[in-house]
Amino acid sequence: MRLYPFNFTLLRRIYMSHQRECRKSPDYFIRNIYKSNYCEQKLLIRYDINLRYIRDGDFISKTQAQTSPFVNLTNIPKSGPFTLVMNDANSTFQSGNTVHWVVLNITTNENEFEGNSLLHKITFKNSPLYGRMLPLLFPPEYGSIIVDYIGPAPPLNSGNHKYIFTLYSQQGEISTTDNVHIEISNQELLTILGLSPQNIIASAYYMSKY
């Protein structure tokens, strides 16, 4: 039993004025205002219209991930440019890494998010969850692909592989380069691109196997 009344209209206005993610009911806001929730995952990756956005550690079969995914941002008040890298952190290559996707000079239409967009197949207490998403503008119009997307292809009996998407903030436009190949380490890749772990602004990952 509540000991004091709540002005739900005011709470709704506060919620929207702060543009907090995953707007649910005022009750949800009260109980979770200081708590993290799924929508604070900044990088949203979805492979198919019938699949929900991945949560870190999800298992995605290799057949579900052979075409490049939809990629959106949440909670990033920046228009770019960005670099997106996908890599296999459990590679059987000597470097221990496989580069699966590298896209440079990604930008966005504007600094504002799409408010109250439905987050596909993400629910809270069996109700659809909404949030703010910032669509990324991908090449050829808005960036440079230096490694074309390669879907998961873990070797037989190699166990689980961790596929990581990392979004880096660029200081300026990066020129395309021919020095990147799929077997280089992630550190070598960052050195070539002039980036560092300090440039990371968002990441997400899933697991897959043969």
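The values are calculated or read from the model by the stated rules, or taken from the named source; none is laboratory data. As the structure is a computational prediction, the values presented were derived from the model and not from experiment. Reconstructed Cβ throughout: ideal geometry from the backbone, glycine too, with neighbour counts over all protein chains shown.
For every residue, the table says whether it meets (1) basic (Lys, Arg); (2) at pLDDT 80 or above; (3) farther than 23 Å from residue 106 by Cα.
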site	(1), (2), (3)
40	no, no, no
50	no, no, yes
67	no, yes, no
78	yes, no, no
81	no, yes, no
85	no, yes, no
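Report yes if some residue within the range 161-174 is out of contact with any His (no Cβ under 8 Å at 6 or more places or on another chain), modelled with pLDDT of 90 or more and in a loop (DSSP other than H, G, I, E, B); otherwise report no.
Checking the range 161-174: at least one residue is out of contact with any His (no Cβ under 8 Å at 6 or more places or on another chain), modelled with pLDDT of 90 or more and in a loop (DSSP other than H, G, I, E, B).
Restricting attention to the range 27-36, does a residue exist that is modelled with pLDDT of 70 or more and over 15 Å from the mean Cα position of the chain (by Cα)?
So far as the range 27-36 goes, no, none of its residues is modelled with pLDDT of 70 or more and over 15 Å from the mean Cα position of the chain (by Cα).
Those residues that are among the acidic types (Asp, Glu) and farther than 19 Å from residue 193 by Cβ, I need them from the range 47-97; list them, please. Steps first, answer last, please.
Looking only at the range 47-97, we keep the residues that are among the acidic types (Asp, Glu), and these are 48, 56, 58, 88.
Once the filter is applied, which keeps residues that are among the acidic types (Asp, Glu) and farther than 19 Å from residue 193 by Cβ, the range 47-97 yields 48, 56, 58.
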